[in-house]
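Everything below concerns the one structure shown next.
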Amino acid sequence: MTNLKPRWFAAVLWKMARQQPFRYIWALFIWTSIWTMPIAVGVIAARYFDALAVGIDTTTLVLTVTALGAYAFGRAVFIFLGMRNHASLLFRAAALMRKNLLVRIYELPGAAALDETPGEIVSRFRDDVEHVIEPFDITVDFVGALISGTVSFVILWTIDPTITMAVAVPIAVVAFVANRTGGLIRRYRTEARDATEAITGFLGETFNATQSVKVAGAESYMLEHFRELNEVRRSKMVRDRTLSAVLLNVFRSAVNVGTGLVLLLAAGRLGISGSTGISLGEFALFVYLLNLTTDAGYFYGIFVARSKQGSVSIDRLTNTLSGKAWKRLFIPTPIHLDDGGAPIARVEPASEPFRSLRVEGLTYHYNGSSNGIDDIDLEVNEGEFVVVTGKIGSGKTTLLRTVLGLLPAEAGSLEWNDRDIEDASTWMVPPRAAYTPQVPRLFSMSLEDNLVLGAAMHDGLSDNGILDESIHIATMGHDIDMMAEGLGTMIGPRGVRLSGGQIQRTATARMLTRVPQLLVLDDVSSALDVETERLMWSRLFEERGRVATLVVSHRHAALARADRVVVMDKGRVVAVGTAAELEESSETFRAIWEGALGATNGVSSRG
């Protein structure tokens, strides 16, 4: 937890204001004008009542009514302009934070990006951003009320300094209460946000595991746990909102009680002759401007409370940035609200042909355990089909993820075309490398949208035949023909309307649309029958040529085709060679090979 102190939260607000300086300055001007315009009404009313005391003529009455009408119209126009600008200001500020947060998440190593569940992250994107926006929203009202209150205080001072000094009492009470309750405000808001996040996290995980819950017969337990989480959240939220409501009422009550006392003092001076008395017009002005003065104290209290609550949300958002300071949320980033949307990212062809990928001494261990990979050497050359194989838990998937930068390597080096690569996570991407994981992730969109993921379609995939070719290689053509809406078929969340094999082949086709120099596949044929797997590998090399391929597999079709097989055991490479060589020299490989042959001959249903 970064624990940004509330008094430094002003730096956050300053950062937000600097992102949109013209809109923010315009907002300050508009809302300060709205707050100070009532002073003119008070002055008009004072003159009217003074004139009324000595006898008012028709001309004065007409001018007074005209002035008040002009004020009402002008204020309405200013409020319209202010609300229009303010809505855009706040929306853009929130959009900038959310985009920078999402960009940062995409920067993280994919296989170990976040400790929180998707539901918890959604809560931060939605609620915590809004809680940071709230004090930013109040700043323009606070500044406007402060200026209006200061001007009103000066005017009241010219009427009666003694009574005006009494106006400061409720303001001081509000300031004292707001500052003394800061720790309580932060604690209650932190507990409430944590409880809400626990709910969203639980719901997200539950929706992703509905089948597992039903198979285990755990529906009643899950509902009971959900009820318990809701009860905790209810308790925490009630405390947080009750404290907020109590403070707002304390602020308003202090202001109202103070105002009443001040009015009693002012009424006692009304009509008294001499230098200590005040006229009817001055009394009317006093009454009118008194609220403007005390409102400055009221908004100060709200601003302080909201800032302390906002500092809690900044802490939470900073934790999601995983090592970056809170300022990362506010770096200038185009949000494309005025130019028709962000330009489509294009995957340009690689600037040089692929010759080799070399990995030396690659090491990674999962936190708090010895599981992982140790001192791995690996080589993939132009046109080679390299297969990594081994028993379950031998580190095959970990190896691929570390090579791709999805897991942060603890030691070792990576060379691409004899060039040292410092950040694999940004280098091992299209058009250089593309990856299909063991458990592919599809989106609740059409099949075509899942294949092209937006950008690729604008690169002319349909026009140049790459999309059709990728579908053909992945053996998805017949499946698509059988779908009523073809490529336009909606596949549901995570591809729930597709079979396991269709999901893997869809992900493979998606990878192929990027036309990468190096294909990286993690056991994508595990849900395919033997003949479909053979057909996929054959089509790949027939239509794309000898594209360099790094595959995790224990299936016979892949092992027999491999130029080189890398055998792993307990996180280390224990043998390297062709299938024929390893069948003679490696006991570990022989067990895998015999199991693959058994699956091919129908002895086993899975490879």
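Where the accessible area of the chain is counted over protein heavy atoms with a 1.4 Å probe, how much of it, in %, is carbon and sulfur?
So the carbon and sulfur contribution to the accessible surface is 59 percent.
Just for the Cα atoms in region 347-443, what are the lengths along the principal axes, largest first, rounded to whole Å?
Here the spans come out as 40, 35, 24 Å, largest first.
Counting only chymotrypsin sites (Phe, Trp or Tyr not before Pro) that are in a DSSP loop and have at most 14 other C-beta atoms within 10 Å, tell me the longest site-free stretch of the chain.
It works out to 1-365.
With r defined as the distance between the Cβ atoms of residue 208 and residue 544 and R0 fixed at 51 Å, what FRET efficiency is calculated, to the nearest 0.05?
According to the calculation, E is roughly 0.90.
Kirkwood Rh, the chain, all Cα pairs: how many Å?
29.8
Hey, got the dipole for the chain? About the Cα centre, +1 on K and R Cβ, -1 on D and E Cβ, debye to the nearest 20?
2640
Under a crude label model (7 Å from the Cα following the beta-carbon direction), how far is residue 261 from residue 446 in nanometres?
In this crude label model, residue 261 to residue 446 measures out at 7.1 nm.
Roughly what % of DSSP beta bridges within the chain run antiparallel, to the nearest 5?
50
Of the options 70, 226, 125, report the single residue whose Cα projects farthest towards the positive end of the charge dipole of the chain (beta-carbon charges: Lys, Arg +1; Asp, Glu -1).
70
Hey, could you get me the Stokes-Einstein D for region 519-561, Kirkwood radius over alpha-carbon pairs, 37 °C and 0.692 mPa s, rounded to whole µm² s⁻¹?
310
Filter 15/308; 15/324; 15/236; 15/99; 99/327; 99/324 down to the pairs with a C-alpha to C-alpha distance above 22 Å, please.
Result: 15/236 exceed 22 Å.
If you count only protein heavy atoms with a 1.4 Å probe, what accessible area per residue comes out for region 478-607, rounded to a whole Å²?
Solvent-accessible surface per residue comes out at 45 Å².
Of 288, 305, 428, which is farthest along the charge dipole of the chain in the positive direction, counting Lys and Arg as +1 and Asp and Glu as -1 at C-beta?
Of the candidates, 288 comes out farthest on the positive side.
Please give me the summed charge of the neighbours of residue 505: other residues whose Cβ is under 11 Å from its Cβ, Lys and Arg +1, Asp and Glu -1.
Summing Lys and Arg as +1 and Asp and Glu as -1 gives -1.
When Lys and Arg each count +1 and Asp and Glu each count -1, what net charge do the other residues less than 12 Å away from residue 87, Cβ to Cβ, add up to?
Neighbour charge sum, excluding residue 87 itself: +2.
Which residues make up the longest stretch of the chain that has no trypsin sites (Lys or Arg not before Pro) in a DSSP loop with at most 16 other Cβ atoms within 10 Å?
With a cap of 16 other Cβ atoms within 10 Å, the longest stretch comes to 1-323.
Charges at C-beta only: +1 for Lys and Arg, -1 for Asp and Glu. How large is the resulting dipole of region 141-220 about its Cα centre, in Debye rounded to 20?
160
Express in nm, to one decimal, how much length is gained between residue 37 and residue 226 on full extension, taking 0.36 nm for each residue of separation and deducting their alpha carbon distance.
62.8 nm
What is the local net charge at residue 444, summed over the other residues whose Cβ is closer than 12 Å to its Cβ (Lys, Arg +1; Asp, Glu -1)?
Surrounding charge for residue 444 is +2.
Given the alpha-carbon gyration tensor of region 108-256, what are the semi-axes of its equivalent ellipsoid in whole angstrom, ordered largest first, with each equal to the square root of 5 times an eigenvalue?
48, 18, 10
The values are calculated or read from the model by the stated rules, or taken from the named source; none is laboratory data. In this text, all values refer to a predicted model and were calculated from it rather than measured experimentally. Every residue, glycine as well, gets a Cβ built from its backbone with ideal geometry; the counts of neighbours run over all protein chains shown. Surface areas here come from the heavy atoms of the whole protein model, side chains and all, with no ligands, DNA or RNA. Shrake-Rupley method; radii C 1.70, N 1.55, O 1.52, S 1.80 Å.
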